[in-house]
2 protein chains.
Amino acid sequence: MKKPLHRPWKVLSSEYLANRPWFTVRREKVELPTGAIVPEWYIFEFPNWVNVIAITKDKEFVMISQYRHALGQTHFELVAGCCEQGETVLQSAQRELLEETGYGGGEWHEFMITSPNPTNHNNFAYTFLATNVERIAEQHTEAGEDIEVHLMSKDEVLELLHSDQIIQCLHAAPLWKYFASEK
Amino acid sequence: MKKPLHRPWKVLSSEYLANRPWFTVRREKVELPTGAIVPEWYIFEFPNWVNVIAITKDKEFVMISQYRHALGQTHFELVAGCCEQGETVLQSAQRELLEETGYGGGEWHEFMITSPNPTNHNNFAYTFLATNVERIAEQHTEAGEDIEVHLMSKDEVLELLHSDQIIQCLHAAPLWKYFASEK
């Protein structure tokens, strides 16, 4: 397969418009190798994100649901969250699973890396596959979280995927990879 | 399967911080059903997005590569773009495939709907599966685009997916769905 040409853009100017948690934005004026100038390119800066395909000893998937304010809808999702300073991505994923569901233990493997959107997000999302997890604690969510835990069979997860009910693409991508690779 | 509880948040205040193409942002103060108040929730408003799994009569996948400035990297991707005013999502997808690659014709089916991120994006991404497409025109890109077209076999696309080289989750999700459903 031919390697794609790598033609970086030249940054003519760059300034921060905001620097808040969940809203750190840089505006850049850029020049393409074609000579075209784009006066406003917006880059959203985030820490890396993590999510987990967690499966119990009884082969049940540990899923969650929560209201998502930007859409005004509630969907099924994987456990997911942000990397905090000083954590490895594995530690972040294990912490999020424990906080959001009370599940932990088991065997953990890095399963997939995606970009939320390479156009305007500077971060990556790491998916872990955790097998043989067990309920080891109470759920312990943060102020901005209101999370319901659901244990599902493989067939129930597949049914949700086929009907676009796991709508968050950061979660649909690794779940579809899991089922494509399993066969 | 148990339906998830739908517990919407109450908007206490809402204001636009910016209203530019690719940077329209609303900040809201919200109250959760738990009683918790989140003083700053940021919502990025975008038009709906489209992307296309396009396959020629010879069973080759019409892929592209382009430099993505937020990551500073070049990756393989599906053809993708924004819905313009007055277009159906199908028309947008057909226009983007024609502009970015010169391919068109064939049979088109809606294949998947995802959310780029229901936490902070108000839009959806529609994936179409276009089969039996043909080269019918020259590539015709916009000022901010510098796009290389690649025809690939199914095995080449799968190899890229398995090695996380199709990193954009909006594109990895439908491609993995395609290969999971094909088997």
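Throughout, read-outs are computed from the coordinates displayed, never taken from laboratory work. These numbers were taken from a predicted model, which means no experiment stands behind them. Ideal geometry is used to build each Cβ from the backbone, glycine not excepted, and the neighbour counts take in all protein chains shown.
In the elastic network of chain A, a GNM with C-alpha springs shorter than 10 Å, the most mobile of A:Ala93, A:Ala173, A:Ala70 is A:Ala70. Springs join every pair of Cα atoms under 10 Å in this Gaussian network model of chain B, and among B:Pro47, B:Pro116, B:Pro21 the largest mean-square fluctuation is at B:Pro21. Computed over chain B with a Gaussian network model linking Cα atoms closer than 10 Å, the most mobile of B:Val52, B:Val25, B:Val38 is B:Val38. Projected onto its three principal axes, the C-alpha set of the protein assembly as shown covers 59, 47, 39 Å, listed from the longest axis down. Look at A:Asp164, B:Asp155 and count the other Cβ atoms within 10 Å of each Cβ; fewest to most, that gives B:Asp155, A:Asp164. Reported to the nearest whole Å, the Cα centre-to-centre distance from the stretch A:1-77 to the stretch B:36-55 is 10.
Residues whose amide H comes within less than 5 Å of that of A:Ala18, counting only those at least five positions distant or on another chain, are A:Val25 (H built at 1.01 Å from N in the peptide plane). Each copy carries a label point for A:Gln91 at 7 Å from Cα toward Cβ; from one copy, the others' points are 5.3 nm away, ordered from shortest. Each listed q (0.09, 0.18 Å⁻¹) maps to a log10 I(q)/I(0) for chain A from the Debye sum over equal C-alpha point scatterers, namely -0.40, -1.20. When both bridge partners sit in chain B, DSSP labels roughly 80% of those beta bridges antiparallel. Charge dipole of the stretch B:108-182 (Cα centre as origin; +1 on each Lys and Arg Cβ, -1 on each Asp and Glu Cβ, all else neutral): 360 debye, rounded to the nearest 20.
Our Cα-only numbers for the stretch B:47-88 put the radius of gyration and Dmax at 13.0, 35 Å. For chain A, the mean residue ellipticity at 222 nm estimated from helices alone is -6000 deg cm²/dmol, where every DSSP H run of n ≥ 4 contributes -39500 (n - 2.57) and the total is divided by all residues, rounded to the nearest 500.
About the centre of its Cα atoms, chain A shows a dipole size close to 1100 debye [charges on the beta carbon of Lys, Arg (+1) and Asp, Glu (-1) only; nearest 20 debye]. In nanometers and ordered shortest first, the copy-to-copy spacing of the A:Ile113 label point, defined 7 Å from Cα toward Cβ, is 3.3.
For the stretch A:49-182, the relative contact order works out to 33 percent when only alpha carbon pairs closer than 8 Å and six or more residues apart are counted. Taking the number of Cβ atoms within 10 Å of each Cβ as an exposure proxy, the fewest-first ranking of A:Glu142, B:Glu96 is A:Glu142, B:Glu96. For the stretch A:12-101, the extents of the C-alpha atoms along the principal axes are 58, 33, 28 Å, listed from largest to smallest. Magnitude of the charge dipole for the protein assembly as shown, about its Cα centre and with charges confined to Cβ atoms of Lys, Arg (+1) and Asp, Glu (-1), is about 140 debye. Modelled label positions at B:His109 and B:Ser163, each set 7 Å beyond Cα in the direction of Cβ, lie 3.1 nm from each other. If both residues of a DSSP beta bridge must be in the protein assembly as shown, then about 80% of such bridges are antiparallel. Label-point spacing at B:Gln165 relative to the other copies reads 3.7 nm, in ascending order, each point sitting 7 Å out from Cα along Cα→Cβ.
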